[in-house]
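Visitor: Structure incoming, see below.
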Amino acid sequence: MKKIKIQIVRRLMPLVYLTLFLYGIVVSSFEFIALMMLVSLLTGAFFCGWLCPFGAMQELMGTIGRKLKLPRFRVPQRVEKFLRLLRYMVLALSMTGLGIILFLTEPNSTFLAGLSGSVSYVTASAWILTGVLILLSLFVDRPFCRYLCSEGAMYGLVSMGRLFSIKRDSDVCIDCGLCDRICPMEVRISDRSHIRNPQCNNCFKCIDKCPASGVLSYGWAVKIRKNNRSDV
């Protein structure tokens, strides 16, 4: 029951954030982004998994796709490793101000603009790209988050030094591989002791779905040995 409650809270949080955003209480300012980067550095990319409205929309579409029994596509790991580099390339190239690169980062802001009614500056091509990504989410988990989101890439890179993370106890793990299959970001979990992958958005689905008690948990990720060396 506790696990279910965590997922209910996680799914409600984007609505809370969106409400605060629409009423101007929370704005995507330098200060807010700096705060989210600090949170990512300490605890992981919580914004992506718990607050981002467009991420939540993609997740909702994925749920609808499963309910409708539409085919689901898991990208092969060799291809996934290449594709996931795209969002970091987009992050780097976005600093150049190139129009095509900025266009690829627009779906998140386009989605928020549509909800707020501030659509006068949104181009037709931006609407098309946003719509394509939303529809693609029926078949592929979080395509924009995984491959194009420069903001998520920024939080993900910072989160690699996180002090709190998902942990795996190999002594009680039954090696079923369900955690790998359930992860919407296709993060490899089953052979790691701590998950510091920049793709991880702390959705905790792996913890919720793990069939063995005590294998996966979230908490302090740095172990201090007697010789004062850290095991990360």
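Any read-out appearing in this document is the output of simple, stated calculations on the displayed coordinates, not a laboratory observation. Keep in mind that what you see is a predicted model, and the values were worked out from it rather than measured. Glycine gets a Cβ as well: all are built from the backbone with ideal geometry, and neighbour counts include every protein chain shown.
Visitor: List, in order, the whole-Hz ³J(HN,Hα) value for each residue of segment 150-166 obtained from phi through the Karplus relation with A = 6.51, B = -1.76, C = 1.60 and θ = phi - 60°; use x for Gly and Pro.
Guide: 6, 5, x, 4, 5, 5, x, 4, 5, 6, 5, x, 4, 8, 10, 7, 6
Visitor: Follow-up question, since we're still on this one. Report the relative contact order of the chain, percent, no decimals, based on alpha-carbon pairs under 8 angstrom and at least 6 residues apart.
Guide: Here the relative contact order equals 25 percent.
Visitor: Compute the distribution of all C-alpha to C-alpha distances in the chain, in bins of 5 Å from 0, and list the percent of pairs in each, rounded to whole numbers.
Guide: With a bin width of 5 Å, the distribution comes to 1, 6, 12, 17, 21, 18, 12, 7, 4, 2, 1, 0, 0.
Visitor: Would you give the gap between the C-alpha center of segment 120-171 and the C-alpha center of segment 42-89, rounded to a whole Å?
Guide: Each part's Cα centre sits 6 Å from the other's.
Visitor: What ³J(HN,Hα) values, in whole Hz, does the Karplus curve 6.51 cos²θ - 1.76 cosθ + 1.60 give for segment 123-133 when θ = phi - 60°, with x put for Gly and Pro?
Guide: 7, 4, 5, 5, 4, 5, 4, 4, x, 4, 5
Visitor: Picking from I195, A221, I207, whose Cα lies most toward the positive end of the charge dipole for segment 165-231 (charges on Cβ: Lys, Arg +1; Asp, Glu -1)?
Guide: A221
Visitor: For segment 8-134, take the alpha-carbon Rg, divide it by the Kirkwood Rh, and send me Rg/Rh.
Guide: With Rg and the Kirkwood Rh in hand, the quotient comes to 0.96.
Visitor: Using a Gaussian network model on the chain with a 10 Å cutoff between Cα atoms, which of S137, S165, S28 fluctuates the most?
Guide: Evaluated over the chain, the most mobile residue of the options is S28.
Visitor: Here is a further query. In sequence order, what are the phi-derived ³J(HN,Hα) couplings for segment 201-210 according to the Karplus relation 6.51 cos²θ - 1.76 cosθ + 1.60 with θ = phi - 60°, rounded to whole Hz, with x for glycine and proline?
Guide: Each residue of segment 201-210 in turn: 10, 6, 6, 6, 5, 4, 5, 5, 8, 4 Hz.
Visitor: Still on this model: With loop defined by DSSP as not H, G, I, E or B, and exposure as at most 13 other Cβ atoms within 10 Å, which is the longest segment of the chain clear of exposed trypsin sites (Lys or Arg not before Pro)?
Guide: 75-224
Visitor: Counting Lys and Arg as +1 and Asp and Glu as -1, each charge on the Cβ, what is the dipole of the chain about the Cα centre in debye, to the nearest 20?
Guide: 800
Visitor: Who wins for biggest fluctuation among I207, I25, I189 in a Gaussian network model of the chain, springs between alpha carbons below 10 Å?
Guide: So, out of I207, I25, I189, the one fluctuating most is I25.
Visitor: Comparing V215, V79, V16, which has the greatest mean-square fluctuation in the GNM of the chain with Cα pairs linked when under 10 Å apart?
Guide: V79
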